[in-house]
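The values are calculated or read from the model by the stated rules, or taken from the named source; none is laboratory data. The model shown is predicted, which means the values in this text are computed figures rather than measured ones. Cβ sites come from the backbone with ideal geometry, for glycine too, and all protein chains shown count toward neighbours.
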Amino acid sequence: MVAVRLWGSLAELADGQQTVEIEAANLRQLLDGLARDYPALKPQLERGVSVSIDGKIYNDTWATPIEKNSEVVLLNRLVGG
Amino acid sequence: MPKDEFQARDFKIVGTRPLRPDGIDKVTGKARYGADVTAPGMLWGAVLRSPHAHARIVSIDTSAAEAMKGVKAVITRADFTYQPDDPGLADVLDNCMAGEKARYDGHAVAAVAATSKKIAHDALDAIKVEYEVLAHVTDVDEAMKPDAPVIEAGRQQENVPAGLSENVTSRSKYGHGDPEAGFSQADLVIERSFTTAATHQGYIEPHACLATLGADGQGDLWVCTQGHYMVRNTCAGLLGLDAGMLRVTASEIGGGFGGKTHVWIEPVALMLSRKAGKPVKLVMSRDEVFRATGPTASSSIDVKIGMKKDGTITGATATYRLQAGAYPGAIAFLSAMCGFAPYDLENVRTEGFEVMTNRPKAAAYRAPGAPMAAYPVESVIDELCQKLDLDPLETRLKNAADEGTKSAYGPTYPAIGLKATLKAAQSHPHWTAPLGENQGRGVACGFWFNFGGDTCVSLMVNPDGTVSLSEGNPDIGGSRASMSMMAAEELGVPLDQVRTIIADTASLGQNEVTDGSRVTFAVGLATIKAARHAIEIMKERAAMTWGIDPEAVDWHDGAAHPAGPNAGKFPPMTIKEIAAIASNTGGPIAGHHEVNAEGAGVSFATHMVDTEVDPETGAVKVLRYTVFQDAGKAVHPDYVEGQFQGGAAQGIGWAINEEYIYGEDGRLQNPGFLDYRVPVASDLPMIEPVILEIPNPGHPYGVRGVGETSIVPPLAAIANAVSRAAGVRLTSLPMSPPRVLAALKGQ
Amino acid sequence: MSQIHVTATINGDETEFLCDPTETLLDVLRDHLDLTGSKEGCGSGDCGACSIILDGRLVCSCLVLAAEAEGRSVETIEGMAEGDKLHPLQEKFIEHAALQCGICTPGILVAAKNLLERNPNPSEEEVRYWLAGNLCRCTGYDKIIRAVMDTAAEMRGAA
Ligand code: FES
Ligand code: FES
């Protein structure tokens with residue numbers, strides 16, 4: 001299981017849980033698992049999220065590996081100028 | 001160690017300051033920008049825009065315009081028969097050509113293509129539009145009230161609390177700990193409200209394109225944009241075309257700063273061309289640029305920070321309300337993430353609201369959301385320092401985030417450079433220089449993420465051994481020079497042997513737009529890897545020639561060398577020698593690399609500024625300005641400095657002069673450079689750039705993006721300098737003379 | 001509406017063109033003569049991207065009617081280099097990295113050349129005020145001012 005930290009307004013949708021546990025070894029499994037276990041998060045997951053894994057930010061790459069003890073933080077999907 | 005991890009090394013070319021390769025074209029007027037091309041049989045396009053802030057379009061009568069001599073096509077929304085199913089794309093379409101309603105002053109309602117500019121404009125006058133004027137709202141706080149006129153119902157996300165207007169489309173919250181508990185440990189808590197005005201990116205080149213679209217669905221588009229792949233994908237999605245049938249070529253680009261990461265006129269030009277059966281050139285006027293493109297969000301913000309006597313921040317909260325313009329999708333969540341990012345805080349909470357108003361759809365502007373996030377936070381920290389008699393740099397250092405800090409937006413930082421910028425500021429002579437009467441010195445920190453994204457690069461070794469590099473990101477600030485430098489460095493060849501071009505959408509795979517300070521990082525990464533790929537091929541070719549194992553070949557100084565005990569004694573083969581026999585050893589030599597470059601490194605800056613306030617007029621003069629920023633690795637220091645200076649200058653404009661002014665009627669009152677005043681040469685001092693290099697662990701050369709962070713601290717740095725000079729805290733941007741005078745009088 | 005026939009000297013060459021009475025000199029340079037080095041940033045005299053020299057005077061070509069050019073001498077960015085030999089200002093702009101996107105560069109070079117012809121030894125303040133009508137959004141002006149000052153010094157040394 002990987003501990004995933006949610007940002008505040010997302011946590012509110014996950015019954016106030018700031019951290020949720022998901023069975024995942026990579027980014028795709030993580031996103032799929034979140035949508036499956038926490039359907040209330042689905043609208044935001046569909047709009048897009050960024051995921052910080054051990055301090056590096058990932059947007060898309062499904063195969064990005066996630067270790068059991070990785071620090072995983074969900075973020076609004078980042079955009080730049 | 002994976003190959004894209006940073007490895008310390010000595011550079012031969014990277015870090016030097018060679019002349020830029022596109023320089024001569026640009027100083028002689030030869031460089032071709034968006035409006036500089038023509039096509040045989042070309043028509044001129046023009047767009048009719050709403051004079052109302054909010055109005056239902058009852059009817060549009062184009063018959064008189066169509067009957068005019070020389071008019072070849074008139075279009076309205078009715079001509080866009082393809083309905084994109086993606087709500088984001090539908091918004092882009094509606095913004096390019098209004099459907100049921102005109103949502104802001106300047107919203108496009110019809111367009112014309114004619115044989116001359118003059119006929120096109122005369123034809124616009126002949127189009128009759130009947131409007132039913134609706135109540136409007138342009139102020140963010142007003143637009144949030146439950147009884148405000150609603151721009152579009154049904155767009156609210158599930159995260160918005162009840163009781164707010166439907167104009168509030170989203171809310172995001174970040175933070176950790178318990179700020180209330182933190183405030184109770186503080187010796188002083190300051191809570192203040194701030195506002196910032198909407199500002200425009202202000203690129204000097206208006207949007208322009210030349211479009212050709214046939215009835216067979218094949219098209220060509222020449223356009224000034226930060227991302228021609230984005231333009232292709234968006235236009236294809238809006239018009240129901242196959243992306244592969246539309247070839248988009250990026251012109252030279254006359255500035256963008258985020259404002260050219262969107263589509264504004266291109267689908268209109270394509271539609272006009274399809275209807276007229278001829279190429280159509282469409283160029284915006286400055287008035288149109290101000291009224292209908294850009295700007296950034298205006299904002300209204302509350303910040304509360306508690307501090308101990310020793311300078312420790314015990315608790316911090318911020319609420320950001322950002323005005324998104326006529327469609328959902330501002331960047332309040334970025335404000336909520338960035339505001340406290342420079343600090344190591346136990347108790348922090350931020351909240352961001354995005355709010356629709358009757359203004360042009362807000363566009364990205366250099367580090368979107370971050371300048372207005374840093375401004376109130378850094379202002380309140382400065383005021384706490386003043387009241388607790390603390391040194392503002394020392395206090396920031398005491399609270400500064402570092403490697404291992406849990407950031408205010410969640411993740412734990414890897415190696416970062418904030419402390420280095422603060423220490424450099426402390427030891428710089430600027431910090432201790434004397435100040436005169438009515439003068440004040442301000443400092444502020446800023447943070448930005450930087451980005452990676454889809455990137456595709458090809459590197460061809462030509463038969464004579466020279467190198468052609470194709471990349472897919474428009475060059476705004478000298479990136480072709482940087483790419484040539486990285487390719488030459490990796491290949492070990494002289495810089496003048498490499499030429500970089502920006503390829504069109506048919507020549508390379510998908511490339512993310514030039515945004516988020518991504519180019520030097522992501523395209524640089526792909527360039528280095530494409531060069532390494534070519535080197536592998538050249539090593540194989542040399543090995544084949546020598547009849548040895550490719551593993552027994554080394555590459556350095558632009559040549560293959562036999563290496564290892566069993567390689568044999570062969571003289572090195574240079575890139576030229578290998579290229580000359582390429583046909584005999586397997587054919588052309590080309591390296592390429594395709595990647596979604598993730599893992600860009602964050603960046604920090606500290607700015608220091610001296611200002612003088614004229615007590616008679618309220619005018620603010622910037623006397624001295626120094627930028628301290630972490631660049632990771634400065635590939636071409638001249639252009640890194642240029643990014644620092646340019647961002648600071650835009651921030652100075654935002655702080656002191658620039659402002660979208662709306663009248664009671666909801667119309668923009670200052671859509672021109674005379675009344676929307678960007679800084680001119682005589683407004684500014686020299687801007688001293690101090691480059692720090694704390695390598696990004698995720699890039700082979702340690703590169704971080706540099707383009708955006710420089711606009712984050714100036715708003716606060718100047719507000720702090722002005723507040724100290726004036727002896728009163730200013731909480732509203734811009735700090736234009738009347739505002740400063742009012743603050744001085746209210747003292 | 002009938003067109004006006006105009007003869008003017010443009011970058012040293014006698015040039016004839018037809019124009020509409022309402023067309024600006026900038027329109028004609030760009031749309032009829034394919035001299036697109038002069039840029040339109042505003043069309044209202046506020047940005048300087050269209051700067052040209054008309055009979056020795058620095059003007060915004062967007063504010064001059066094309067018909068007014070009759071019998072006069074027009075110098076644009078395209079006439080600044082002599083063949084492949086760049087003007088010292090052009091060289092120094094590249095050397096000092098005084099351009100990023102480069103859209104303001106033609107106008108600024110034309111304006112700076114006119115300044116140095118009038119005042120070979122301008123102070124920093126004089127350069128800043130002379131160029132105050134030429135907007136640059138990319139550079140913060142720092143490297144532009146340095147490039148102009150350095151050119152002036154070098155041209156004085158060479159003279
Ligand atoms: S285009 Fe002439 S001054 Fe701007
Ligand atoms: S270099 Fe871009 S406007 Fe001056």
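So C:P120 fits all but one of (1) assigned to a helix (DSSP H, G or I); (2) more than 14 Å from every other protein chain (Cβ to nearest Cβ); (3) within 18 Å of the chain's Cα centre (by Cα); what number is the exception?
If we test C:P120 against (1) assigned to a helix (DSSP H, G or I); (2) more than 14 Å from every other protein chain (Cβ to nearest Cβ); (3) within 18 Å of the chain's Cα centre (by Cα), just (1) comes out false.
Within the group C:I108, C:I145, C:I77, which residue is among the β-branched types (V, I, T) and either over 26 Å from B:T225 (Cα atoms) or more than 12 Å from every other protein chain (Cβ to nearest Cβ) (or both)?
Every option except C:I145 fails the conditions.
Here's a check for you: in the range C:113-140, which residue that is without any contact (Cβ under 8 Å) to a residue 12 or more places away in the chain and within 16 Å of ligand 2 (Cβ to nearest atom) is surrounded by the fewest Cβ atoms within 10 Å (Cβ to Cβ)?
C:A132
Regarding the range C:27-38, can at least one residue be identified that is of a type in the set (V, I, T) and either more than 27 Å from B:A681 (Cα to Cα) or modelled with pLDDT under 95 (or both)?
Taking the range C:27-38 first, the residues of a type in the set (V, I, T) are C:28, C:36.
If we keep only those that are either more than 27 Å from B:A681 (Cα to Cα) or modelled with pLDDT under 95 (or both) too, we end up with C:28.
Yes, the range C:27-38 contains a residue that is of a type in the set (V, I, T) and either more than 27 Å from B:A681 (Cα to Cα) or modelled with pLDDT under 95 (or both).
Go through the range B:396-416 residue by residue and tally those that are away from every other protein chain (no Cβ under 14 Å) and either part of a loop (DSSP other than H, G, I, E, B) or without any contact (Cβ under 8 Å) to a residue 24 or more places away in the chain (or both).
0
Pull up the range B:641-690, narrow it to residues that are more than 10 Å from chain C (Cβ to nearest Cβ) and among the β-branched types (V, I, T), then point me to the one that is farthest from B:A716 (Cα to Cα).
B:I661
Being within 10 Å of chain B (Cβ to nearest Cβ), surrounded by fewer than 18 Cβ atoms within 10 Å (Cβ to Cβ) and of a type in the set (S, T, Y): is that true of A:T19 here?
no
Kindly list, by first and then second residue, each pair from a residue in the range B:438-453 that is in contact (Cβ under 8 Å) with a residue 60 or more places away in the chain and away from chain A (no Cβ under 14 Å) to a residue that is in a loop (DSSP other than H, G, I, E, B) and surrounded by fewer than 24 Cβ atoms within 10 Å (Cβ to Cβ), limited to pairs with Cβ atoms under 8 Å and residues at least 6 apart or on different chains.
B:N438/B:D614; B:N438/B:P615; B:R441/B:L435
Take the residues in the range C:27-39 that are of a type in the set (D, E, K, R) and closer than 22 Å to C:A112 by Cβ; name whichever of them is nearest to ligand 2 (Cβ to nearest atom).
The selected residue is C:K39.
Counting only residues that are basic (K, R) and in a loop (DSSP other than H, G, I, E, B), how many does the range B:259-283 have?
The first filter runs over the range B:259-283 and keeps only residues basic (K, R), leaving B:260, B:274-275, B:278, B:281.
Those still in the list that are in a loop (DSSP other than H, G, I, E, B) too: B:260, B:278.
Of the residues in that region, 2 qualify.
Looking at (1) away from ligand 1 (no atom under 16 Å from the Cβ); (2) surrounded by 16 or more Cβ atoms within 10 Å (Cβ to Cβ), which one does C:A158 not meet, given that it meets all the others?
(2)
In the range B:256-277, which residues are within 14 Å of another protein chain (Cβ to nearest Cβ) and either touching a strand residue (DSSP E or B) at 6+ places or on another chain (Cβ under 6 Å) or not small (G, A, S) (or both)? Let's see the steps before the verdict.
Of the range B:256-277, the ones within 14 Å of another protein chain (Cβ to nearest Cβ) are B:256-262.
Across the range B:256-277, the qualifying residues are B:F257, B:K260, B:T261, B:H262.
Here are the criteria: (1) within 12 Å of another protein chain (Cβ to nearest Cβ); (2) touching a Pro at 6+ places or on another chain (Cβ under 6 Å). Tell me which single one B:G329 does not satisfy.
Result: B:G329 passes all but (2).
Of the residues C:L135, C:L131, C:L115, only one is part of a helix (DSSP H, G or I), at the interface with chain B (Cβ under 7 Å from one of its Cβ atoms) and over 25 Å from B:M42 (Cβ atoms); which? Let's see the steps before the verdict.
Working: C:L135 fails: part of a helix (DSSP H, G or I); C:L115 fails: at the interface with chain B (Cβ under 7 Å from one of its Cβ atoms).
It is C:L131.
Go over the candidates B:T357, B:T350, B:T395, B:T317 one by one and state the one that is among the hydroxyl-bearing types (S, T, Y), modelled with pLDDT of 95 or more, out of contact with any strand residue (DSSP E or B) (no Cβ under 7 Å at 6 or more places or on another chain) and assigned by TED's automatic domain parsing to the domain that holds B:A444. Please lay out each step first, then the result.
Values: B:T357 fails: out of contact with any strand residue (DSSP E or B) (no Cβ under 7 Å at 6 or more places or on another chain); B:T350 fails: out of contact with any strand residue (DSSP E or B) (no Cβ under 7 Å at 6 or more places or on another chain); B:T317 fails: out of contact with any strand residue (DSSP E or B) (no Cβ under 7 Å at 6 or more places or on another chain).
Every option except B:T395 fails the conditions.
Whether any residue in the range B:604-612 is away from every other protein chain (no Cβ under 12 Å), of a type in the set (V, I, T) and over 23 Å from the mean Cα position of the chain (by Cα) is what I want to check.
There is at least one residue in the range B:604-612 that is away from every other protein chain (no Cβ under 12 Å), of a type in the set (V, I, T) and over 23 Å from the mean Cα position of the chain (by Cα).
Could you check B:E205 against (1) surrounded by fewer than 24 Cβ atoms within 10 Å (Cβ to Cβ); (2) away from chain A (no Cβ under 14 Å) and say which number it fails?
(1)
Would you mind telling me which numbered condition in (1) under 17 Å from B:G254 (Cβ atoms); (2) away from ligand 1 (no atom under 16 Å from the Cβ) C:Q90 fails?
Exception for C:Q90: condition (1).
Checking the condition within 16 Å of ligand 1 (Cβ to nearest atom), at pLDDT 95 or above and within 22 Å of B:G651 (Cα to Cα), which residue from C:G133, C:G140 passes?
Within the list C:G133, C:G140, the selection yields C:G133.
Working only within the range B:223-255, note down all residues that are surrounded by fewer than 24 Cβ atoms within 10 Å (Cβ to Cβ), away from ligand 2 (no atom under 16 Å from the Cβ) and within 13 Å of another protein chain (Cβ to nearest Cβ).
Hit for the range B:223-255 is B:M230, nothing else.
Run C:K143 past the list (1) basic (K, R); (2) within 13 Å of ligand 2 (Cβ to nearest atom); (3) within 17 Å of the chain's Cα centre (by Cα) and report the number of the one that doesn't hold.
Here C:K143 clears every test but (3).
Check every one of the strands (runs of 3 or more DSSP E) wholly within the range B:586-694 and list those with 3 or more residues that are of a type in the set (V, I, T) and buried (at least 23 other Cβ atoms within 10 Å of the Cβ).
Correct list: B:603-613, B:620-630.
Scan the range A:48-71 residue by residue and report those that are of a type in the set (V, I, T) and more than 9 Å from every other protein chain (Cβ to nearest Cβ).
Taking the range A:48-71 first, the residues of a type in the set (V, I, T) are A:49, A:51, A:53, A:57, A:61, A:64, A:66.
The answer is A:V49, A:V51, A:I66.
Filter the range C:40-59 down to residues that are in a strand (DSSP E or B) and either more than 13 Å from chain B (Cβ to nearest Cβ) or away from ligand 2 (no atom under 16 Å from the Cβ) (or both), then give me how many there are.
Let us first name the residues in the range C:40-59 that are in a strand (DSSP E or B), namely C:51-54, C:57-59.
With either more than 13 Å from chain B (Cβ to nearest Cβ) or away from ligand 2 (no atom under 16 Å from the Cβ) (or both) added as a condition, the list becomes C:52-54, C:57-59.
So the count comes out to 6.
Tell me, yes or no, whether the range B:51-69 has at least one residue that is within 14 Å of chain C (Cβ to nearest Cβ), among the hydrophobic types (A, V, I, L, M, F, W, C), crowded, with 21+ Cβ neighbours inside 10 Å and touching a residue at least 12 places away in the same chain (Cβ under 8 Å).
The answer is no; no qualifying residue exists.
Can you name the residue in the range C:73-112 that is over 16 Å from the mean Cα position of the chain (by Cα), surrounded by fewer than 24 Cβ atoms within 10 Å (Cβ to Cβ) and not in a helix (DSSP H, G or I) and, of all such residues, is farthest from ligand 2 (Cβ to nearest atom)?
By that ranking, first place goes to C:G83.
May I ask you to list the residues in the range C:2-34 that are at positive phi and either touching a residue at least 12 places away in the same chain (Cβ under 8 Å) or small (G, A, S) (or both)?
Those that are at positive phi and either touching a residue at least 12 places away in the same chain (Cβ under 8 Å) or small (G, A, S) (or both): C:N11, C:G12.
Does B:S507 satisfy the criteria of being modelled with pLDDT of 95 or more, in a loop (DSSP other than H, G, I, E, B) and hydroxyl-bearing (S, T, Y)?
yes
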